[in-house]
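A.B. asks: Starting off with a structure, shown below.
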Amino acid sequence: MVARIKKLRTGLLALCCLVSLGLGGELALAESAAPSYNYSYWENAVAAPSAYEATTLITGASSGAGPFNNPQDIQVTADKQIYVLDSGNNRFVILDQDYKSVKTVDAFQFMGKAEKFNNPQGIYVTQQKEVYVADTGNKRIVHLDSSFKAVGIIEAPKSELLQANFEFQPVRVAVDKADRIYVMSAGVFDGFMEFGADGVFKSFIGANRVHVDAVEYFWKSISTKAQREQMVMYTPTEFTNLDINDEGFLYATNGDDYGDPIKKLNAQGADILRREGYYKPSGDLLYSTRSGGAPRLVDIDVSDSEIYAVLDASRGRVFTYNGDGYLLYIFGGIGNRLGEFNTPVAIEHSGDDILVLDQALGEITVFQTTEYGRTLNSAVRSYYNGDEELASQEFSKVVNLNANMEYAYAGIGKAYLRQGEYKESAEYFERSMDRTNYSKAFLLYRKEVLREHFSTIMTGLIVLLALWLGLRMYRKMKARKKVELH
Amino acid sequence: MNREALQHPLYVMVHPFNGYWDLKYERSQKTSLIISFGILFMLILTNVLGDQYSGFLVNMNNPRYLNSLLEAVYVLVPVLFWCVANWSLTTLMDGEGKFVEIFITTCFALLPIVLINFPWIWISNFISAQESSFYYFFKNFAILWSGLLLYVGIMTVHQFSPSKTIGTILLTLLAMAFMAFLTLLFFSLIQQMIAFVSTIYQEIVLRR
């Protein structure tokens, strides 16, 4: 009896072991990660020092313009003036460097008539401080000059490209140096609407691709036309926001779950975003359905040196990437503390600071760099500008502050490569998991070593060959002697 | 075990038809069995060492999730599944092989993978990205060679015709898939049962 129980127990134990084999290794989800984190090469969330910290909270009341009501967009000029589009109050407010209101615009003159905004959703300020407002409620784009007089209004365009029942609902607007106007219009799936400087509609650019999975494709291919009309129509995903950089490239975010949620469009509308990083830029990699599922990117902001930041509305986080697509740092979150948001809608940079607009609370949170953030930014900038020496120094500082920053090791490795220190270079590239550059450095190192030891290696080989030949001859001679003896 | 017995696996590698014939009819089964286990062990060792020490350029493993026990399972389970599936099938298809013979044949066929991959663990540390195609070439070459040996081995051990061997191998793969499915189903059910019992236990214990 006892023996039987013992046997049973061993059996059960073995079974448990087998079952638990499949249970090993659990991934730390980003939600439970440290307050500031980054994603490693292996796509795990690892702790990182915070690069940005919230310092100031700007509200309508604190700025002196009266409370903001449902603000939708902000824009910062080169001289750090902040244009806040206060949609609920049908106005925009200009704040100066000290976050104090200097001007409020809620009406303008056009063709001798006083006009007002109606629920505007998007604002863009050019370098000449001309203001473009996507006046959504009035279905038009308003173009004001730097003294806030209307110089042009773009109404619903007429074109063969547009359907008869097309409704023009501009929600976001951006203008490049040549005054071409790019408009994101609600319910338009064909991409951004491009208008010339004269306000004439030209074409659509940069439509997202439709994603159809194999199963759907199969059912569609065997169904009749009548059935197909009953099915869900597949339309490309809409963009959620856009920004334009100094060179005139459009940066856009979309709600695409399958494709690339971040795009950089050239004049033809082709996506030219570099995705050389450990994984493609797309916000959080690890997430659960409990916290809202996949990241919902709602705004993008491009600053100098091709660094860009995207805002994820579902978790309130800001993800900053460099031009190659490496994730630099993450900050923000949903919550009630300073530096956390309720419903973030827009992100802008003001010098090195980052501003995030919260729609429901009517607040702007100002984030300023910590030493870590400053060093990293400066490293990325000097690398972008081709100053590898300085970049390497800054990257060394970065890895002193955050040894988990794999990307930084490549920066150091590149400087070593240039100096001809191939061995060190290869070591740093290995730490950075940069296989292509590691291979380059390693080849040079191998060549160096082989050249140095060429004579030794060859001598060794020849000696070995001679020994082997000698041994063979000796054996043959011995065998012959034996034969002779017999 | 004499020297000749130890050299026989190498003879099988290059002369599969004669080698497998000798293995079936001439050699001591006990010695062959010991050698078979040796080959399996070396294969596990090669895989473990390979995952750990292969050159950076060809090693895509996350060192944090390397598990030598699982490596052993990845070698042993497919081999056992293959042998069981093949044996079950060939008993129905007039194969002459016994289970032990099938096992020995399979293990001997795996030798090229060991002999080719083992040196490459070290060589791969001295190659560049362009030269890594050699690494992958040799890996694939080893698998092809093993596949060929397995084919000849199964043919010899069951005394099948070439075409019948191909059919048997395909059916064996199908049977392996079946077995994998059944095993997963079994373990999943057991897991559910354990979960059920533990839930009831918690209900009873925590009830107030």
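The values are calculated or read from the model by the stated rules, or taken from the named source; none is laboratory data. Here the structure is a predicted model, which is why all the values come from computation and not from measurement. When we count neighbours, we look across all protein chains shown, and the Cβ atoms used for this are built from the backbone with ideal geometry, even at glycine.
A.B. asks: Answer yes or no as to whether A:Ser382 is buried (at least 16 other Cβ atoms within 10 Å of the Cβ) and under 30 Å from A:Val345 (Cα atoms).
C.D. replies: For A:Ser382, the condition - buried (at least 16 other Cβ atoms within 10 Å of the Cβ) and under 30 Å from A:Val345 (Cα atoms) - is not met.
A.B. asks: Does A:Leu265 count as crowded, with 17+ Cβ neighbours inside 10 Å and either out of contact with any His (no Cβ under 7 Å at 6 or more places or on another chain) or not charged (D, E, K, R) (or both)?
C.D. replies: Judged against the criteria, A:Leu265 is a match.
A.B. asks: How many residues, within region A:61-75, are surrounded by fewer than 21 Cβ atoms within 10 Å (Cβ to Cβ) and on the phi < 0 side of the Ramachandran plot?
C.D. replies: Summing the residues that are surrounded by fewer than 21 Cβ atoms within 10 Å (Cβ to Cβ) and on the phi < 0 side of the Ramachandran plot in region A:61-75 gives 4.
A.B. asks: Given the criteria in contact (Cβ under 8 Å) with a residue 24 or more places away in the chain and within 21 Å of A:Val188 (Cα to Cα), does A:Gly269 qualify?
C.D. replies: When the stated conditions are applied, A:Gly269 passes them.
A.B. asks: Look through region B:60-101, keep the residues that are more than 14 Å from chain A (Cβ to nearest Cβ) and exposed (fewer than 12 other Cβ atoms within 10 Å of the Cβ), and return whichever of them is farthest from B:Leu173 (Cα to Cα).
C.D. replies: Of everything passing the filter in region B:60-101, B:Asp94 is farthest from B:Leu173 (Cα to Cα).
A.B. asks: If you don't mind, there's one more thing I want to ask. Kindly establish whether B:Phe126 is touching a helix residue (DSSP H, G or I) at 6+ places or on another chain (Cβ under 9 Å), within 14 Å of chain A (Cβ to nearest Cβ) and in contact (Cβ under 8 Å) with a residue 40 or more places away in the chain. Even if it seems obvious, please write down each step before you answer.
C.D. replies: On the way: touching a helix residue (DSSP H, G or I) at 6+ places or on another chain (Cβ under 9 Å): yes; within 14 Å of chain A (Cβ to nearest Cβ): yes; in contact (Cβ under 8 Å) with a residue 40 or more places away in the chain: yes.
Considered against the rule, which asks whether it is touching a helix residue (DSSP H, G or I) at 6+ places or on another chain (Cβ under 9 Å), within 14 Å of chain A (Cβ to nearest Cβ) and in contact (Cβ under 8 Å) with a residue 40 or more places away in the chain, B:Phe126 comes out as yes.
A.B. asks: Among the residues of region A:417-455, write down those that are of a type in the set (A, V, I, L, M) and more than 24 Å from A:Leu328 (Cα to Cα).
C.D. replies: Selection gives A:Ala441, A:Leu443, A:Leu444, A:Val449, A:Leu450.
A.B. asks: Return a yes/no flag: does region A:437-452 have any residue that is farther than 20 Å from B:Glu131 by Cβ, among the hydroxyl-bearing types (Ser, Thr, Tyr) and not assigned by TED's automatic domain parsing to the domain that holds A:Leu327.
C.D. replies: Among the residues of region A:437-452, not one is farther than 20 Å from B:Glu131 by Cβ, among the hydroxyl-bearing types (Ser, Thr, Tyr) and not assigned by TED's automatic domain parsing to the domain that holds A:Leu327, which makes the answer no.
A.B. asks: Could you please tell me which pairs satisfy a Cβ distance under 7 Å, a separation of 6+ or placement on different chains, a first residue in region B:51-74 that is farther than 20 Å from A:Tyr41 by Cβ and in contact (Cβ under 8 Å) with a residue 24 or more places away in the chain, and a second residue that is of a type outside the set (A, V, I, L, M) and surrounded by 14 or more Cβ atoms within 10 Å (Cβ to Cβ)?
C.D. replies: Filtered contacts from region B:51-74: B:Glu71/B:Asn47; B:Glu71/B:Asp51.
A.B. asks: So, restricting to strands (runs of 3 or more DSSP E) that lie completely within region A:52-153, which ones have at least 1 residues that are more than 17 Å from A:Leu355 (Cα to Cα)?
C.D. replies: Those strands (runs of 3 or more DSSP E) span A:91-95, A:101-105, A:107-110, A:113-116, A:131-135, A:140-144.
A.B. asks: Please specify each residue of region A:99-135 satisfying the condition of being among the polar types (S, T, N, Q), touching a helix residue (DSSP H, G or I) at 6+ places or on another chain (Cβ under 8 Å) and within 17 Å of A:Arg172 (Cβ to Cβ).
C.D. replies: First, pick out the residues of region A:99-135 that are among the polar types (S, T, N, Q): A:101, A:104, A:109, A:118-119, A:121, A:126-128.
Restricting the remaining residues to those that are touching a helix residue (DSSP H, G or I) at 6+ places or on another chain (Cβ under 8 Å) gives A:101, A:118-119, A:121.
Residues satisfying the conditions are A:Asn118, A:Asn119, A:Gln121.
A.B. asks: Under 6 Å between Cβ atoms, which residue pairs at least 6 apart in sequence (or on different chains) link something in region A:410-438 that is within 12 Å of chain B (Cβ to nearest Cβ) with a partner that is assigned to a loop (DSSP other than H, G, I, E, B)?
C.D. replies: Here the result reads A:Glu430/B:Phe56; A:Met433/A:Tyr41; A:Arg435/B:Leu57, each pair linking region A:410-438 to a residue that is assigned to a loop (DSSP other than H, G, I, E, B).
A.B. asks: Keeping to region B:36-70, report how many residues are hydrophobic (A, V, I, L, M, F, W, C) and over 17 Å from B:Thr106 (Cα atoms).
C.D. replies: So the count comes out to 10.
A.B. asks: Give the residues of region A:163-191 that are buried (at least 16 other Cβ atoms within 10 Å of the Cβ) and out of contact with any Lys or Arg (no Cβ under 9 Å at 6 or more places or on another chain), sorted by residue number.
C.D. replies: Listed by number, the residues that qualify are A:Val171, A:Arg172, A:Val173, A:Ala174, A:Val175, A:Asp176, A:Asp179, A:Ile181, A:Val188, A:Asp190, A:Gly191.
A.B. asks: Restricting the search to region A:33-57, which residues are of a type outside the set (A, V, I, L, M, F, W, C) and within 18 Å of the chain's Cα centre (by Cα)?
C.D. replies: Residues satisfying the conditions are A:Ser36, A:Tyr37, A:Asn38, A:Tyr39, A:Ser40, A:Tyr41, A:Glu43, A:Asn44, A:Ser50, A:Tyr52.
A.B. asks: When you check A:Ala156 against the structure, is it modelled with pLDDT under 90, among the hydrophobic types (A, V, I, L, M, F, W, C), within 24 Å of A:Gly112 (Cα to Cα) and assigned to a loop (DSSP other than H, G, I, E, B), yes or no? Let's see the steps before the verdict.
C.D. replies: Numbers: modelled with pLDDT under 90: yes; among the hydrophobic types (A, V, I, L, M, F, W, C): yes; within 24 Å of A:Gly112 (Cα to Cα): yes; assigned to a loop (DSSP other than H, G, I, E, B): yes.
Answer is yes for this residue.
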